[in-house]
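Before any comments, here is the structure.
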Protein chains: 2
Amino acid sequence: MASIGKRARQAARVLATTGRAPKDRALQEAASALRRDMAFLLQENARDMEAGREKGLSAAMLDRLELTPARIEAMAKGLEEIAALPDPVGRVMAAWDRPNGLKLERVSTPLGVVGVIYESRPNVTADAGALCLKAGNAVILRGGSESFYSSRAICARLMEGLQTAGLPADAIQMVPTTDREAVGIMLSMSEDIDVIVPRGGRSLIERITADSRIPLFKHLEGVCHTYVHADADPDKARSVILNAKMRRTGVCGATETILIDRSVAERLLPSIIHDLRAAGCEVRGDELVEVIDPDVVPATEEDWSTEYLDAIVAVRVVEGLDEAIGHIARHSSSHTEAIITESAEAAERFLNEVDSAIVMHNASTQFADGGEFGMGAEIGISTGRLHARGPVGVEQLTIFKYKVRGNGQVRP
Amino acid sequence: MASIGKRARQAARVLATTGRAPKDRALQEAASALRRDMAFLLQENARDMEAGREKGLSAAMLDRLELTPARIEAMAKGLEEIAALPDPVGRVMAAWDRPNGLKLERVSTPLGVVGVIYESRPNVTADAGALCLKAGNAVILRGGSESFYSSRAICARLMEGLQTAGLPADAIQMVPTTDREAVGIMLSMSEDIDVIVPRGGRSLIERITADSRIPLFKHLEGVCHTYVHADADPDKARSVILNAKMRRTGVCGATETILIDRSVAERLLPSIIHDLRAAGCEVRGDELVEVIDPDVVPATEEDWSTEYLDAIVAVRVVEGLDEAIGHIARHSSSHTEAIITESAEAAERFLNEVDSAIVMHNASTQFADGGEFGMGAEIGISTGRLHARGPVGVEQLTIFKYKVRGNGQVRP
């Protein structure tokens, strides 16, 4: 592991002064290699799938693990899309002059070495590797043991792309073992890894948070809220909530709690609940919701802080904007919250006062995604308050330096 | 300590939605209170000074500790200058639309709660408290035991300013004990402190780095380089180097190593060394420097990585730009490095390829300072690679959130 770290740091030094052309070429070549070797990738993936079936992985896990020709094509296309993004490195973020004639610029630079620890989805290998490379970083990938052979085969194509483009293959390395100890060693390599991105379930993130000596780009969970304000458009409320909860229930941007103003609850809730139930969602509610719909499951205190990641939603009636913002401050995981209203004033107050990474007006919380934000792709979503918040795309995988140009100035 | 943390978090929630007027007013009122109570501040400072003399503090330490009417006036003026800075919160950093009609903004928001751990200079109390407040953060201050009474008196005036402006006094709190254990407790309060800024000597920073569970804005040391390129203007080289080394030898931006191209060493070094010696500087050099000036002290390998913070400089002859950049990559602490040259091409390569927080062309490394950068003031300088790098001013004491405005969009 120590040697992987040293080689990554070395590669990062080279990438830091590499222009966009070789990096983009490496990504395009890797995309071609993935398409060319589709049969081999499917064969390696079959080894993982077989072992997974023997281990008794759930159908959902097996689905996440599986590669198909369409998924490999999507991965290749993803690499090409990342190659086509603007270069996030060398961007002049600010420029100003001082009275003494000094000229200052703040210019974006790579972060250095990124460590990515993830679970079973093999496409994370391609996405994370490509995003880090695009931003001029070296990356150390540590995938789940379930996807070992698939990830190794993908990583080898990325390294081939690097070599074809004349870049150090060590810029994208995979930990060559599924040994659990390797994770612990990675988390202690603060000299050679600048930031760790953990991608996975709550237990993985908790373990990594407890053990890491390296800063993390992470979110623990997404307890996301959609708040139906008194001035909501009923049709928007209905369609946005159905989508926010049920489009995909297993994603971090899925709405877990619905808040609704008392003045409109009786009028709007029946159709909202009807749609959710029709889509297979269990509806839990507080006492006021029970009055409107006697079939709701009574919600307990625990429900307000639970990330179901499932077809379950908790509904609470509130007195107005202040109570909604207060409920969110207490129970949200600061990921994504939305307000449905036609009142510009209420919307602005909500967007300003709710302290979450992403705050939305009249839109589905399921838009919480780097691709949907137009950032190209994301390596994860951060609910932290340092460096990056919300989707972590190529721009968030950079930092900056100050360039100062003078003509002999000395400081008085 | 736990109660201090909870109250800081509470105050941070209030500040997060406070406009600039009350924050600026609090700073102006605090400035007035410092001027009004100058006699009391001098009296409290005299207690610290007396205890310091009894403890046998060095003359340099006592000088740092001492308050004078002029220093108190400078502190008050500093608060007013910070009040006059543009509001770093609520700034639209980027705005764009998506094809589906969603409107996105990235807007700056406060970090939350900042912890500042510092040594003897009481003015850090005023600077750090004011910068954090300006950026909408609550702050927990932990000054050195030597300056306890002075810092407490300053902090009380900041809190008075908060109250006069109708803001929670808990926004600026000082740890009410000089007990060393308090630092350890602060470093573990990751729920209630978002970032720690340690200000002090290397041993303080090392201890805090080892113990902290909270991210740090810090630099361990400033092993800064000034490189005299073959195309340097001799007069600029001479005056810039004298200033970079000797203006103040105890600051982190002071040059510790001079690199000079072999082709100009014989012509330029004698006058450079003459000036430095005349100012009281000890000059150490490699073998090639010794050939030019037999009086230099032979430099050892250790010299190239040493932050003297004193009137000592190490000089090395290099073959050219590549060797200079290589030397800096190996030995620098990534703080601040400068090139002296009239060649635009060499300057650009140096500014691009040297991976330090601040890279300079034809200017003194002693300009590495938030005030000199025009950022108003700084809470410290960071050599980290996440969030903030270089001077940490009010802008770096903020993070951002995404505001998304739609008209009912659902995600396909």
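What number of residues in the range B:220-243 are surrounded by fewer than 23 Cβ atoms within 10 Å (Cβ to Cβ) and either within 23 Å of the chain's Cα centre (by Cα) or part of a helix (DSSP H, G or I) (or both)?
8
Condition check: away from every other protein chain (no Cβ under 14 Å), open to solvent by 60 Å² or more (accessible area, probe 1.4 Å) and assigned to a helix (DSSP H, G or I). Does A:GLN43 satisfy that?
In short, yes.
Are there helices (runs of 4 or more DSSP H) fully within the range A:286-396 with at least 2 residues that are of a type in the set (Val, Ile, Thr) and farther than 30 Å from A:ALA74 by Cβ? List them.
The helices (runs of 4 or more DSSP H) meeting that bar are A:287-292, A:321-331.
To keep it simple, each residue is scored yes or no on (1) in contact with a Gly (Cβ under 8 Å, 6 or more places away or on another chain); (2) without any contact (Cβ under 8 Å) to a residue 60 or more places away in the chain; (3) more than 7 Å from every other protein chain (Cβ to nearest Cβ).
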{"site": "A:THR336", "(1), (2), (3)": "yes, no, yes"}
{"site": "A:MET375", "(1), (2), (3)": "yes, yes, yes"}
{"site": "A:ILE381", "(1), (2), (3)": "yes, no, yes"}
{"site": "A:ALA388", "(1), (2), (3)": "no, no, yes"}
{"site": "A:ASN407", "(1), (2), (3)": "yes, no, no"}
{"site": "A:VAL410", "(1), (2), (3)": "no, yes, no"}
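Quick one: B:ARG207 ticks every box in (1) crowded, with 18+ Cβ neighbours inside 10 Å; (2) over 29 Å from B:ALA46 (Cα atoms) bar one, so which box is it?
(1)
When the residues of the range B:170-196 are filtered to those that are open to solvent by 20 Å² or more (accessible area, probe 1.4 Å) and closer than 17 Å to B:ASN137 by Cβ, which remaining residue is nearest to the other protein chains (Cβ to nearest Cβ)?
B:ASP194
Scanning for something more than 10 Å from chain B (Cβ to nearest Cβ) and farther than 22 Å from A:SER364 by Cα, does the range A:254-263 turn up at least one residue?
Checked the range A:254-263: at least one residue is more than 10 Å from chain B (Cβ to nearest Cβ) and farther than 22 Å from A:SER364 by Cα.
Only residues that are closer than 17 Å to A:PRO412 by Cβ, open to solvent by 10 Å² or more (accessible area, probe 1.4 Å) and in a helix (DSSP H, G or I): list them for the range B:244-265, please.
Correct list: B:MET246 only.
Considering only residues that are out of contact with any Ser or Thr (no Cβ under 9 Å at 6 or more places or on another chain), buried (at least 17 other Cβ atoms within 10 Å of the Cβ) and of a type in the set (A, V, I, L, M, F, W, C), look in the range B:338-358 and name the one that is farthest from the other protein chains (Cβ to nearest Cβ).
The extreme case among them is B:ALA346.
With the condition being in contact (Cβ under 8 Å) with a residue 60 or more places away in the chain and open to solvent by 10 Å² or more (accessible area, probe 1.4 Å), I'd like the strands (runs of 3 or more DSSP E) fully within the range A:86-164 carrying at least 2 qualifying residues.
In the range A:86-164, the matching strands (runs of 3 or more DSSP E) lie at A:103-110.
Evaluate the following for B:LEU27: is it touching a residue at least 40 places away in the same chain (Cβ under 8 Å), surrounded by 16 or more Cβ atoms within 10 Å (Cβ to Cβ) and closer than 27 Å to B:ASP192 by Cβ?
Answer is yes for this residue.
Show the residue pairs meeting these rules: Cβ distance below 7 Å; 6+ apart or different chains; first residue within the range A:179-190 and part of a loop (DSSP other than H, G, I, E, B); second residue among the charged types (D, E, K, R).
Once the first residue is part of a loop (DSSP other than H, G, I, E, B) and sits in the range A:179-190, its partners that are among the charged types (D, E, K, R) give A:SER190/A:ARG213.
The conditions are (1) under 26 Å from B:LYS55 (Cβ atoms); (2) within 14 Å of chain A (Cβ to nearest Cβ); (3) open to solvent by 10 Å² or more (accessible area, probe 1.4 Å); (4) touching a residue at least 40 places away in the same chain (Cβ under 8 Å), and B:ARG199 fails exactly one of them. Which is it?
(2)
With the condition kept exactly as written, say whether any residue in the range A:137-155 is within 22 Å of B:VAL354 (Cβ to Cβ) and touching a strand residue (DSSP E or B) at 6+ places or on another chain (Cβ under 6 Å).
There is at least one residue in the range A:137-155 that is within 22 Å of B:VAL354 (Cβ to Cβ) and touching a strand residue (DSSP E or B) at 6+ places or on another chain (Cβ under 6 Å).
Tell me yes or no: at least one residue of the range A:295-304 is surrounded by 21 or more Cβ atoms within 10 Å (Cβ to Cβ) and within 14 Å of another protein chain (Cβ to nearest Cβ).
no
Go through (1) at pLDDT 95 or above; (2) more than 8 Å from chain A (Cβ to nearest Cβ) one by one and return the number of the condition B:GLY370 breaks.
Against the list (1) at pLDDT 95 or above; (2) more than 8 Å from chain A (Cβ to nearest Cβ), B:GLY370 comes up short only on (1).
Since A:GLU29 meets every condition but one in (1) of a type in the set (D, E, K, R); (2) within 14 Å of chain B (Cβ to nearest Cβ); (3) touching a helix residue (DSSP H, G or I) at 6+ places or on another chain (Cβ under 8 Å), which condition does it not meet?
For A:GLU29, the failing item is (2).
Considering only the range B:390-405, how many residues are more than 7 Å from every other protein chain (Cβ to nearest Cβ) and either open to solvent by less than 30 Å² (accessible area, probe 1.4 Å) or out of contact with any strand residue (DSSP E or B) (no Cβ under 9 Å at 6 or more places or on another chain) (or both)?
Residues flagged as more than 7 Å from every other protein chain (Cβ to nearest Cβ) and either open to solvent by less than 30 Å² (accessible area, probe 1.4 Å) or out of contact with any strand residue (DSSP E or B) (no Cβ under 9 Å at 6 or more places or on another chain) (or both) within the range B:390-405 amount to 7.
Here's the yes/no breakdown for (1) basic (Lys, Arg); (2) within 23 Å of B:CYS224 (Cα to Cα):
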position	(1), (2)
B:GLY370	no, yes
B:PHE373	no, yes
B:ILE381	no, yes
B:THR398	no, no
B:ARG405	yes, no
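The values are calculated or read from the model by the stated rules, or taken from the named source; none is laboratory data. Given the structure is predicted, the values throughout are model-derived calculations rather than measurements. Cβ sites come from the backbone with ideal geometry, for glycine too, and all protein chains shown count toward neighbours. Remember, those area values only see protein heavy atoms, side chains included, never the ligands or the DNA or RNA. Shrake-Rupley method; radii C 1.70, N 1.55, O 1.52, S 1.80 Å.
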